[in-house]
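Since the structure comes first, as structure tokens, the remarks are kept for the end.
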Amino acid sequence: MDLVAKYQGVVGRVFGNENSGSSEDSYVERLLDRISNGVLAEDRRAAMLELQSIVSESRAGQMAFGAMGFPVILSVLKEERDDVEMVRGALETLVSALTPIDHAKGPANEVQPTLMNSDLLSREVDNISLLLSLLSEEDFYVRYYTLQLLTALLTNSPQRLQEAILSIPRGITRLMDMLMDREVIRNEALLLLTYLTREAEEIQKIVVFEGAFEKIFSIIKEEGGSEGGVVVQDCLELLNNLLRNSASNQVLLRETMGFDQLLSILKLRGTTYRFTQQKTINLLSVLETINLLIMGGPETDPGRDSNKLTNKTVLVQKRVLDHLFMVGVESQWAPVPVRCTALHCIGDLIVNHPKNLEELASKRLGEEPDLEPALNSVLRILLRTTSKQEFMAADYLFKNFCQGLSETAVLPTKVEQNPDGQTILASTIILQPQSMIHAPVEEDINMSFGSMLLHGLTTGENEGDLETCSRAASVLSHVIKGNNQCKEKVLKIELEAPTPTLGGPEPLLHRMVKYLALASSMKSKDGKSSTSENVFVQPIILKLLIIWLSDCPNAVQCFLDSRPHLMYLLELVSNPTTTVSVRGLAAVLLGECVIYNKSNASGRDAFSIVDAISQKVGLTSYFLKFDEMQKSSLFTSAKPFLPRKPLTRSTAASMAEIEDGGNESSDQKNEHPMLTSVFDSPFVYFLKLLEADIREKIVEAYSSPKSQVAVVPAELEQRSGENDVDYIKRLKTFVDKQCHEIQDLLSRNATLAEDLAKTGGNNSSPLERKVSGGSDRVQLETMRRDLQEASQRIEMLKAEKTKAELEASMYKSLAGKTESDLKSLSDAYNSLEQANFRLEKEVKGLKSGDIEALKEEAREEALKESEAELNDLLVCLGQEQSKVDKLSNRLRDLGEDVDKLLEDIGDDVGADDADEEDEED
């Protein structure tokens, strides 16, 4: 019983102490006694059956069994191997003791009997060794229950079981042998191995050494490949566990079995339009396997890059692109998660791999004679799909094709990784005939890539839906990013005006600005619907314009050719109703009009742009837009790489049911998924570099004259044929102009000096800058704003302090009043106490006084009252007698016999009295 000594106290608290007598405790104890000391085999088997029943149905029974049952049951497993029925019952009882009872959940802090029992059983390595030895028994149910028991132990105590199995000779080998057993046993062993290999690197190596790859693919083939059931899913999960964090296992798979059997699982069989949930999960699992091979292993592995490159090369040589395009593009009935994952795999295959890029560029889909480039098919999906996730997956593919960089690479946009691919795509962007411009989207089958893209850019306006336009704008931004040749090529494209009366052709750049303004107007008309649906339109178009104008003076000149463009951009920056990201991106676009401006024309040069920003927005407010954007969740949550979560039984079903969901992290759930694709890590890095240049250039322009006049001595000389009066007037005009510019420069310097004086001069904190002078001024500007905000906060704190002091004074006066009231109540209470004491004394005196004297006084008072009443009665009788005498005399005078009348009255009175007595009788 040393095994359970630790938990005796726990059991005592659950069932009571020894004297309380828990029914479950005593019942389990009697059953265990019958099992260990019984004489009749049938009685012992019956006791085992009853024990299994109570343990499977009662948490109290599980707790009692854990306290005293393990030595008895383990003894049965060790010493009674010949009694198969007893061994079965013992194993089934152990499985029940480790299986939670859902319908009897207790408090959260209550001891869980299944966890306690798992801890007790897995504590001794000999117990695990005993269970593994049972796998060699001939009885089917003994092996089946043993595997179930090991799986339950692994669920509750994974670390301890993994260590125990590793320490047991041939422990993994025995489990691997179960994969060749009967189907039910094989499935249980497969599930157990899947749990074992999730994070145990040593176990993974042993499993691979025991021939796991051959057995896994053999089971998958036997079960029907992707058309198979959950067993195929478990096989692929086990395969992924072996490949995820081990470059050596990936090399072993590639050099021994190759990737042919893996790719055969991806091949669609039978009816390609029938996709059950299980088939979807199986396809997602094999796509995850391909993605693991593309990653090449963990980031810490020094041979990861070379292994990744080799895996990509071999996969494409084995024609993996055919299978991926079939699943992700050509199969119209494939579920959205499968199509998205396939497109992501294609995008990852071409990253940093020139040969794979060429293979994708030359890839054609369909059947003869209707073959078309694969990129055209992907573009069609991007423009037509109703799924935001599918759009982002296709956009990811184009980004990787045009830049040749993965999301982990953060490099300046001037680095061109695939300029040839960009040039090829840009060269196809040509204006279509008028009949094709207004053609429906469904008729784009005969268009080139560029024509289809241009069609998508210009057709959204007709239907009032700019989403298609924004999607095409995202692709165009990838095509021209970091490639000035492509920018100049697209800049020359001119669109025909929608209505001939509106004038001549319109540059494509101007049309994009028009759509940008149209998106904001749509939002103002119907804020509720447009905000939720088109919140990504403006950021995507702004991103295109930022990339287009970057390091391209001709694009800046084209943008400024229309005066309303600059005015609209200034309004967009200062508009409080727009989002933080839109204001920030518009501010960046304005800054590009300054730093990449090569114009000398009045009103369009860099100095004029800076003046317009200063007058319409204000430099402090303008720079604040950069800070707000950098602090936004979209900007801060942009990460170079978000690893995909492993596909397990618990996550596969929910992932397969997603139709238009995303894998965004918790801090991005409140943002539109398409916005997260706009603010990817390379673009965020590019904006940070651009911001430093913009701040420096604007401060430099603000502190310099508006125009630089080249003073040539010959211009100051008198011209031929010019009289003295005109010459003097011309010189005076020249001097006045110079004076105005000097005055303006002095005014600017005075403003900067004033700001410097306000901020203290020597308190500037470092910012990202390249030239310290200009950036210091920007820092001073920022510090002045911060000082103003701090002053406002101080004033607010002072007001709150004054309010708090008033409230404190009021409460103090209330406290004084309450104290005086309490004192008055105390005095009144004391006076009442004194009065009560006096009354009690009087009562005691009355109780102990002369009661007889009081009685005598009362008797005398009663006699006095009786005498007074008697005297009153006598007076009344005297008066009545006098009246009777008078009446008698009167009657005598009238001749009546008074005596006789008095006798009659007396008789009547007596008769009346007699009658009254008779009535009473």
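The values are calculated or read from the model by the stated rules, or taken from the named source; none is laboratory data. None of these values were measured; they are calculated from a predicted model. In this analysis, Cβ positions are derived from the backbone assuming ideal geometry, glycine residues included, and neighbour counts consider all displayed protein chains. Protein only, heavy atoms only, side chains kept; ligands, DNA and RNA dropped before computing areas. Shrake-Rupley method; radii C 1.70, N 1.55, O 1.52, S 1.80 Å.
Structure notes:
- Pairs of alpha carbons in region 309-366 whose separation is greater than 16 Å (percent): 39
- Using R0 = 22 Å, the C-beta based FRET efficiency linking D611 and Q485 works out to 0.10.
- Environment charge of I128, counting only residues whose C-beta is closer than 12 Å and scoring Lys/Arg +1, Asp/Glu -1: 0
- For the Cα trace of region 137-280, dividing Rg by the Kirkwood Rh returns an Rg/Rh value of 0.98.
- Take 251-264, 679-692, 337-350 and order them by the average number of nearby Cβ atoms within 10 Å per residue, most first; the result is 337-350, 679-692, 251-264.
- By average C-beta atoms within 10 angstrom, highest first, the peptides 474-486, 153-165, 170-182: 474-486, 153-165, 170-182
- For Q112, residues with placed amide H under 5 Å, excluding near neighbours: none
- In Hz, Karplus ³J(HN,Hα) per residue of region 73-89 (6.51, -1.76, 1.60; θ = phi - 60°; x = Gly, Pro): 5, 5, 5, 4, 5, 7, 9, 10, 4, 5, 8, 4, 5, 5, 5, 4, x
- Taking 0.36 nm per residue of separation and subtracting the current Cα-Cα distance, fully stretching the chain between T802 and T155 would add 226.8 nm.
- Taking a Cβ cut-off of under 12 Å around I54, the surrounding Lys, Arg, Asp and Glu residues balance to a net charge of -3, with basic ones at +1 and acidic ones at -1.
- Residue separation of V230 and A815 scaled by 0.36 nm, minus their Cα-Cα distance, works out to 203.1 nm of gained length.
- Amide H contacts of L495 (H built 1.01 Å from N, in plane; Pro and chain starts excluded): E506, L508 sit under 5 Å, all sequence-distant by 5 or more or on other chains.
- Here each label is just a point 7 Å from Cα along the line to Cβ, and for K886 and D420 those points are 16.2 nm apart.
- Accessible area per residue for region 584-639 is 36 Å², calculated with a 1.4 Å probe on protein heavy atoms, without ligands, DNA or RNA.
- Full-extension gain in nm, L40 to L825, via 0.36 nm per residue minus C-alpha separation: 273.9 nm
- Per principal axis, descending, Cα span of region 114-169 in whole Å: 29, 25, 14
- Spacing of the two label points (7 Å from each Cα toward its C-beta) at E722 and S562, in nm: 4.2
- Solvent-accessible area per residue, Å², over region 151-257 with all protein chains present [probe radius 1.4 Å]: 40
- Spin-label model, N871/I794: points 7 Å from Cα along the beta carbon direction are separated by 10.3 nm.
- Mean-position separation - Cα centroids, region 287-311 and region 369-389, in angstrom: 28
- What the Cβ-Cβ distance of S650 and N575 gives, at R0 = 45 Å and to the nearest 0.05, is a FRET efficiency of 0.45.
- In range of the label at S53: residues from region 117-144 whose backbone nitrogen is under 18 Å from the point 7 Å along Cα→Cβ: none
- Ranked by how many other beta carbons lie within 10 Å on average, peptides 229-236, 884-891, 388-395, 47-54 from highest: 388-395, 229-236, 47-54, 884-891
- Using the Karplus relation 6.51 cos²θ - 1.76 cosθ + 1.60 with θ = phi - 60°, the per-residue 3J(HN,Hα) values for region 862-875 come to 5, 5, 4, 5, 5, 5, 5, 5, 5, 4, 4, 5, 5, 4 Hz, with x marking Gly and Pro.
- A simple count of charges around Y829, restricted to other residues whose Cβ falls under 14 Å of its Cβ and scoring Lys, Arg +1 and Asp, Glu -1, yields -2.
- Evaluating 6.51 cos²θ - 1.76 cosθ + 1.60 at θ = phi - 60° for every residue in region 598-603, the Karplus couplings come out as 10, 7, 10, 6, 5, x Hz, glycine and proline recorded as x.
- Summarising the amide proton neighbourhood of E372: residues at separation of 5 or more, or on other chains, whose placed amide H is nearer than 5 Å comprise L365.
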